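Working notes for the structure below.
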There are 2 protein chains.
Amino acid sequence: MSGRLFGVGVGPGDPELLTLKAKRILEDVDYICTPKAEKGGKSRAFEVVNDALDTPARVKELLFPMVHDGEELKRAWKEAADEMVRLLSEGNDLAFITLGDPLLYSTYNYVLDNLGREEEIPVETVPGINSIGASAARLNLPLAKGDEKLTILPVPSGPEELESILTVHENIAFLKVSRNYKLLVDKLEEFGLKSSSYLVSRCGQGREEVITEKLDTYLDEEVPYLSVVISKSSSASP
Amino acid sequence: MSGRLFGVGVGPGDPELLTLKAKRILEDVDYICTPKAEKGGKSRAFEVVNDALDTPARVKELLFPMVHDGEELKRAWKEAADEMVRLLSEGNDLAFITLGDPLLYSTYNYVLDNLGREEEIPVETVPGINSIGASAARLNLPLAKGDEKLTILPVPSGPEELESILTVHENIAFLKVSRNYKLLVDKLEEFGLKSSSYLVSRCGQGREEVITEKLDTYLDEEVPYLSVVISKSSSASP
């Protein structure tokens, strides 16, 4: 008889942005599984949880090296999946935690690919506040109204794809902006969107600085890793 | 000295999907403002809150008639804004509640337009779980991975706009699907996307039925008002 697997989004970083359901499940499960880039390293998702729970959690660290070697990564995923399956088969309930929402650009997608499809494991996903909603809230900025569209994407690596996106979309939330920040700012300027675009960095990371800036006042190209740029072609302003 | 205005997202309907922050603020404020379509009618957002709070809330109902007459609606907004400003000026803290997230297709956008821009009123937005994240969670279905895009929009009224969206987007979450359901299903079939599209209705509405169906098994055109269709052009499946 297998234990249950919960995929739990812990929100963008502020422990208060956990849902009541996430808190209840994380206090109930036998193990909280938290992905780490290196042994002894920190898991930001776990720091959030640790601040929010009333009872101490039993933690199972899973190692996911930040490598671009597909084979090495695949091996790490297989090992992590095997370990989780072992714990589940012993009847333990597990919660795999991720920052933000589990189904929006998170490592939980790979957990589902590796073991969530096995029918004998009951899987439940608990949604979390994503960084886009949290960033818009910091700005009091509408993401979309009426019949408008909202498109969410990591900043494309090439200028052509970015141009085509800026041409057709009215509300855009860019993720992973630090990897191609200069290109993004240049193109937003070219398309006349710089003054209606906003940067939010480290949103909800309680112990760190929150930066919210109109792009046309933010010149530093060294933006933090956890940053979102929200670009509006309509006349909305926060 | 003005009270504070909080725009609070209460999530898709399950009281457990409130955030810890939303719960704290809703228990703290002097009045919870809840939009209603008619006098004596029910506010779904307030039902959610009522189930989640430990202390009874003082409620201020605001009337927003479901009318298409722009002038009548504008007058209703103005009256609601005046009432809120009056309460705030007496030093009361107010929470304006909305289903889902306050900045994604919600009436809170109009609250901000009508009084949130006044500098003397301190405004704080508290993000909520939106129906798209909650629906994906019910399906254990990834919304976007890696460098993929996710586009969110109400179903367009014309076939041409819908076709152009289905042509260029890989992951799409359609809202307000009940108003144009037949067109949506027909076009998804035409584009070969019906078998990778999923309907979730009344997600998180604890006391009501949750429908999660692959579109190619759901023939009824009478879909409930609170429905989302998630369409994937990639090979992902829940």
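General remarks:
- Of the residues examined, A:E83 is one that is at pLDDT below 95, out of contact with any Ser or Thr (no Cβ under 6 Å at 6 or more places or on another chain) and under 18 Å from A:L5 (Cα atoms).
- Count - residues of the stretch B:139-185 that are under 14 Å from A:D147 (Cβ atoms), touching a helix residue (DSSP H, G or I) at 6+ places or on another chain (Cβ under 7 Å) and of a type in the set (G, A, S): 1
- The stretch B:166-193, subset of a type in the set (F, W, Y) and either over 20 Å from the mean Cα position of the chain (by Cα) or under 19 Å from A:I152 (Cβ atoms) (or both), residue surrounded by the most Cβ atoms within 10 Å (Cβ to Cβ): B:F174
- Verdict on B:L26 being under 16 Å from B:L99 (Cβ atoms), in contact (Cβ under 8 Å) with a residue 12 or more places away in the chain and assigned by TED's automatic domain parsing to the domain that holds B:D101: yes
- Every residue from the stretch A:134-151 that is free of Cβ contacts under 8 Å to residues at least 60 places away in the same chain and within 20 Å of B:L5 (Cα to Cα): A:A137
- Qualifying residue in the stretch A:141-157 (condition: part of a loop (DSSP other than H, G, I, E, B), more than 9 Å from chain B (Cβ to nearest Cβ) and surrounded by fewer than 19 Cβ atoms within 10 Å (Cβ to Cβ)): no
- Those strands (runs of 3 or more DSSP E) of the stretch A:1-107 in which at least 2 residues are surrounded by fewer than 24 Cβ atoms within 10 Å (Cβ to Cβ) and more than 14 Å from chain B (Cβ to nearest Cβ), considering only elements entirely within it, cover A:31-36, A:59-63.
- Residue that is farthest from the chain's Cα centre (by Cα), among those in the stretch A:123-140 that are more than 7 Å from chain B (Cβ to nearest Cβ) and over 15 Å from A:G9 (Cβ atoms): A:L139
- Tally, over the stretch B:167-196, of residues that are part of a helix (DSSP H, G or I), in contact (Cβ under 8 Å) with a residue 40 or more places away in the chain and of a type in the set (A, V, I, L, M): 3
- The numbered conditions (1) assigned to a loop (DSSP other than H, G, I, E, B); (2) within 12 Å of chain B (Cβ to nearest Cβ) are all true for A:E120 except (2).
- For the stretch B:70-98, a residue qualifies if it is over 30 Å from B:I129 (Cβ atoms) and free of Cβ contacts under 8 Å to residues at least 24 places away in the same chain, and the qualifying residues are B:G70, B:E71, B:E72, B:K74, B:R75, B:E79, B:D82, B:R86.
The values are calculated or read from the model by the stated rules, or taken from the named source; none is laboratory data. Because the structure is predicted, anything quoted here is derived from the model rather than measured. Cβ coordinates were reconstructed from backbone atoms using ideal geometry, including for glycine residues, and neighbour counts include every protein chain displayed.
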